Amino acid sequence: MIFRHAKQEESEDIINLATKVFKPNMGKQFIRLFSPNNHEHQMIAEDQGKIVAAVNYYHTLMDTSIGTLSVASIGAVCTEESYRGQGISSKLLGLAEAKMMKKQVDFCIISGDGPLYQRFGARYEGAMSRYILKNDPINHDINIRKFSSDPQLLYPIYQKEAIKYQRSSEEFNDLFIAQTYPDNYQSYPVYVMYQNESMISYIILVNHPKAKLLSVKEYAGDRLAIIQSLPFLIKHYHKEGIELTTSIHDPIKKWIKEEEEKITQHATIKIINEESLFSKINRFFKVNHYPLLLEKKDGNYIIYCNEKPYLLDYNQLHALIFSGKIPIDLRQRIIYDVFPIELPWSHNLNYQ
């Protein structure tokens, strides 16, 4: 069996395998992940000239609370049924990790949390806020319209977001078209809010006909307009409420009166290039005059607070950085000011 990255002309074969394992519209919903231009990030196992397994990732930059980080989203991990249980996906993940290391990827996000990813070293972490908003009285002054036009009209709204995946104009267009392509079991309607005939915000929904709740896949723009649009959407789709997931310091929170539920990214996360990530974290400490330092020394993870060292194990490191779970002996105000790193919701248009 041969383990390697794919050739450009093999992307269609990978789509066919993913479609066989997952669902019919994989190629249409993940056009960036499966693009021939992404072939160097498509790891495959080949047996007798046939692709029998694949691990794919999409590399992007992300604007976070500590600055820009390099991130890989791993998805569509699939193996032919007769080849499962042989450790093939683990080998492909290792191949992908080696390539990500060379590209100085800070961490990866995986759309899964099974034993395969735990063995790989990924951990079920993240710090997001989830709300269930009920059917409040409709604000009839809100100007909301269903959107079915050129995605480029929404791009300037997205670009103003502080916490986000960086997307080029072309990338935004591709992801928008792909991730709003309907499934057999649910659709992804898009609505835009206006003020004086100017677009000020948008919201992308997930509508499962049998579900009691709508959910929000992505939103951007004027936060008050988004909140004011929700009662109309709940009533329009005959739902009991709407599920909204926000980053931990999103300004939309000041308009929400419902109870907050703290959740993870509903994905697993693994630090890939520790040296690169630690360097960016420490640069943030230095620029903002935090008396903190994070390093790996003799195989141990150490965070210095006012020059006092605190040891962290592997799990504690991931929990601190991505979930803000702070060990008891480290619970000081400046630690809470920094961690967790605020990230965008991984189940938005960049979901892979």
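The values are calculated or read from the model by the stated rules, or taken from the named source; none is laboratory data. Given the structure is predicted, the values throughout are model-derived calculations rather than measurements. Cβ atoms come from the backbone with ideal geometry, glycine included; neighbour counts cover every protein chain shown.
List, please: which pairs have Cβ atoms under 9 Å, are six or more places apart or on different chains, and start with a residue in the range 303-314 that is more than 17 Å from V338 (Cα to Cα) and touching a residue at least 60 places away in the same chain (Cβ under 8 Å) and end with one that is of a type in the set (F, W, Y) and surrounded by 11 or more Cβ atoms within 10 Å (Cβ to Cβ)?
Y314/Y301
Which condition number does K297 fail, the rest of (1) touching a residue at least 40 places away in the same chain (Cβ under 8 Å); (2) not assigned by TED's automatic domain parsing to the domain that holds L205 being met?
Of (1) touching a residue at least 40 places away in the same chain (Cβ under 8 Å); (2) not assigned by TED's automatic domain parsing to the domain that holds L205, only one is false for K297: (1).
Which of the residues spanning the range 178-237 are among the acidic types (D, E) and on the phi < 0 side of the Ramachandran plot?
Selection gives D183, E218, D222.
What residue, of I88, I74, I44, I66, is outside the structural domain of A178 (by TED's automatic domain parsing) and over 30 Å from F176 (Cβ atoms)?
I88
Every residue in the range 99-124 that is free of Cβ contacts under 8 Å to residues at least 24 places away in the same chain and either surrounded by 14 or more Cβ atoms within 10 Å (Cβ to Cβ) or on the phi > 0 side of the Ramachandran plot (or both), please.
none
Of (1) hydrophobic (A, V, I, L, M, F, W, C); (2) crowded, with 19+ Cβ neighbours inside 10 Å; (3) within 30 Å of Y314 (Cα to Cα), A220 satisfies all except one. Which?
If we test A220 against (1) hydrophobic (A, V, I, L, M, F, W, C); (2) crowded, with 19+ Cβ neighbours inside 10 Å; (3) within 30 Å of Y314 (Cα to Cα), just (3) comes out false.
Any idea how many residues of the range 42-76 are of a type in the set (S, T, N, Q), assigned to a loop (DSSP other than H, G, I, E, B) and over 17 Å from S346 (Cβ atoms)?
Number satisfying all stated conditions: 1.
Looking only at strands (runs of 3 or more DSSP E) that lie completely in the range 228-285, which have at least 1 residues being within 20 Å of I142 (Cβ to Cβ) and of a type in the set (V, I, T)?
By residue number, 241-247.
Conditions (1) farther than 30 Å from M26 by Cβ; (2) in contact with a helix residue (DSSP H, G or I) (Cβ under 8 Å, 6 or more places away or on another chain); (3) hydroxyl-bearing (S, T, Y), marked per residue:
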| site | (1), (2), (3) |
| --- | --- |
| P156 | yes, no, no |
| A178 | no, yes, no |
| L205 | no, yes, no |
| K217 | no, yes, no |
| E240 | yes, yes, no |
| K253 | yes, no, no |
| K262 | yes, no, no |
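If we keep just the residues of the range 104-116 that are at pLDDT 95 or above and under 25 Å from T68 (Cα atoms), which is farthest from the chain's Cα centre (by Cα)?
Per the criteria, the residue is Q104.
Going by what's in this entry, would F172 be described as in contact with a Phe, Trp or Tyr (Cβ under 6 Å, 6 or more places away or on another chain), surrounded by 14 or more Cβ atoms within 10 Å (Cβ to Cβ) and aromatic (F, W, Y)?
yes
Being modelled with pLDDT of 95 or more, closer than 19 Å to A122 by Cα and either surrounded by 17 or more Cβ atoms within 10 Å (Cβ to Cβ) or under 27 Å from the mean Cα position of the chain (by Cα) (or both) is the requirement here; does N273 meet it?
It is true that N273 is modelled with pLDDT of 95 or more, closer than 19 Å to A122 by Cα and either surrounded by 17 or more Cβ atoms within 10 Å (Cβ to Cβ) or under 27 Å from the mean Cα position of the chain (by Cα) (or both).
Give me the pairs, please: first residue somewhere in the range 3-32 and under 15 Å from S89 (Cα atoms) and in contact (Cβ under 8 Å) with a residue 40 or more places away in the chain, second residue anywhere and part of a helix (DSSP H, G or I) and polar (S, T, N, Q), beta-carbon distance under 6 Å, and either six or more positions apart or on two chains.
none
Tell me, which residue of the range 173-189 that is without any contact (Cβ under 8 Å) to a residue 60 or more places away in the chain and not in a loop (DSSP other than H, G, I, E, B) is farthest from L214 (Cα to Cα)?
N173
Starting from residues that are touching a strand residue (DSSP E or B) at 6+ places or on another chain (Cβ under 7 Å) and assigned to a loop (DSSP other than H, G, I, E, B), keep the ones in the range 328-346 and report whichever is nearest to F22 (Cα to Cα).
Per the stated criteria, the residue is S346.
Do any helices (runs of 4 or more DSSP H) lying entirely in the range 85-172 carry at least 1 residues that are under 16 Å from I226 (Cβ atoms), and which ones are they?
Passing ranges, in order: 155-159.
Please enumerate the residues belonging to the range 66-98 that are under 26 Å from R283 (Cβ atoms) and surrounded by fewer than 17 Cβ atoms within 10 Å (Cβ to Cβ).
G67, T68, A98 - these are the residues of the range 66-98 that are under 26 Å from R283 (Cβ atoms) and surrounded by fewer than 17 Cβ atoms within 10 Å (Cβ to Cβ).
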